[in-house]
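Asker: So that we are looking at the same thing, I have put the structure below in structure tokens.
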Amino acid sequence: MSRYLLILLFALLPFLTGASCRKNNPKGTAVEVTSPEQKIQVISIEPDTLKAGYSNVAAEVQGVGFEPGASVFFDGKKVLNPDFKDENTILIMMPSLAAGSHHVRVENKDGTAHTLRGAFLVEAAASSLAQECRNTTLYFNLDKAKINDDSLAKLERRNRCFKNTNFRYRIEGHCDERGSTSYNLALGLRRAETVQRHLQASFGIAPSRVEAISYGEERPLDASNNEDAWAKNRRAIIVVVD
């Protein structure tokens, strides 16, 4: 090989090797492949409903990310001797719980945890519900969907009507006759949904047990055309369905 060809080859060598490196790793940096971090999550409990007074009932807490030695809690009360089956299942014996909905929490030894709110329901007897609890009417200020102080106080006085029960509820939103039909239907629904959220947040009622609907101006309590009648018609009614 001639001297000139050798010189040309050495001159091109860095470019040839650089091209090869760029082809294998375009940015010229190390690449580390990692899998996404798995987080603990409680998905369900089976069974998820029992009658009041149950005893010696086995249940499965289901989810992802469970680890050996994980603890199970109901409303902060620790379950004795949970049996870790695998990362998706923990076997337990149900503790004694009062009627109503309960939160289920799983906590790994490293402190990672997740709570499924309203995951378990203990059903109470229907006869335990007082007659006054079957219909609760809340009144609203003009053109408002916020629960006013008087209605909040009424809900608090009827605390027992909504706690520790297994009933389903329908919340009916109503308006006075002023405003368009479409506007009043929307306002009535906002009122019903506001009450729905309050029942869930304050009394732990599961979303699946509460339905919110609107009648707008279609079902006035008082058909008169004056301020007193309009005040009566601006309302939401909590009705026990079953």
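Asker: Report yes if S71 is surrounded by 14 or more Cβ atoms within 10 Å (Cβ to Cβ) and over 16 Å from the mean Cα position of the chain (by Cα), otherwise no.
Answerer: Criteria met by S71.
Asker: Related question: Could you list all residues from region 44-63 that are loosely packed, with under 15 Cβ neighbours inside 10 Å and in a strand (DSSP E or B)?
Answerer: S44, E46, T49, K51, A58
Asker: Next up: Consider E211 against the criteria (1) within 30 Å of K51 (Cβ to Cβ); (2) over 18 Å from the mean Cα position of the chain (by Cα); (3) part of a strand (DSSP E or B): it satisfies all of them except one. Which criterion is unmet?
Answerer: Tallying (1) within 30 Å of K51 (Cβ to Cβ); (2) over 18 Å from the mean Cα position of the chain (by Cα); (3) part of a strand (DSSP E or B), E211 fails exactly one: (2).
Asker: Going through G204, G216, G179, G188 one at a time, which residue ends up being small (G, A, S), modelled with pLDDT of 95 or more and on the phi > 0 side of the Ramachandran plot?
Answerer: Exactly one residue qualifies, and that residue is G216.
Asker: Same structure again: For region 74-90, which positions are under 14 Å from H103 (Cα atoms) and surrounded by 12 or more Cβ atoms within 10 Å (Cβ to Cβ)?
Answerer: Scanning region 74-90 gives F74, D75, K77, K78, V79.
Asker: Given D176, D143, D149, which one is surrounded by 19 or more Cβ atoms within 10 Å (Cβ to Cβ) and not assigned by TED's automatic domain parsing to the domain that holds S55?
Answerer: After applying the criteria, what remains is D176.
Asker: Quick one: in region 64-114, which of the residues that are among the charged types (D, E, K, R) and in a strand (DSSP E or B) is nearest to T49 (Cα to Cα)?
Answerer: R105
So that you can scan it fast, the table gives a plain yes or no per residue for (1) touching a Phe, Trp or Tyr at 6+ places or on another chain (Cβ under 6 Å); (2) small (G, A, S):
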| residue | (1), (2) |
| --- | --- |
| R117 | no, no |
| L138 | no, no |
| N141 | no, no |
| K163 | yes, no |
| C175 | no, no |
| S180 | no, yes |
| L185 | no, no |
| R190 | no, no |
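Asker: Kindly establish whether G204 is under 26 Å from D75 (Cβ atoms), surrounded by 17 or more Cβ atoms within 10 Å (Cβ to Cβ) and touching a residue at least 60 places away in the same chain (Cβ under 8 Å).
Answerer: Here the answer is yes, as G204 does meet what is asked.
Asker: Further, regarding this structure: Looking only at residues in region 152-173 that are at pLDDT below 95, of a type outside the set (A, V, I, L, M, F, W, C) and buried (at least 19 other Cβ atoms within 10 Å of the Cβ), which one is nearest to E218 (Cα to Cα)?
Answerer: Y169
The values are calculated or read from the model by the stated rules, or taken from the named source; none is laboratory data. The shown structure was predicted, so the numbers you read here are calculated from the model rather than taken from an experiment. We place every Cβ from the backbone using ideal geometry, glycine too, and count neighbours over all the protein chains shown.
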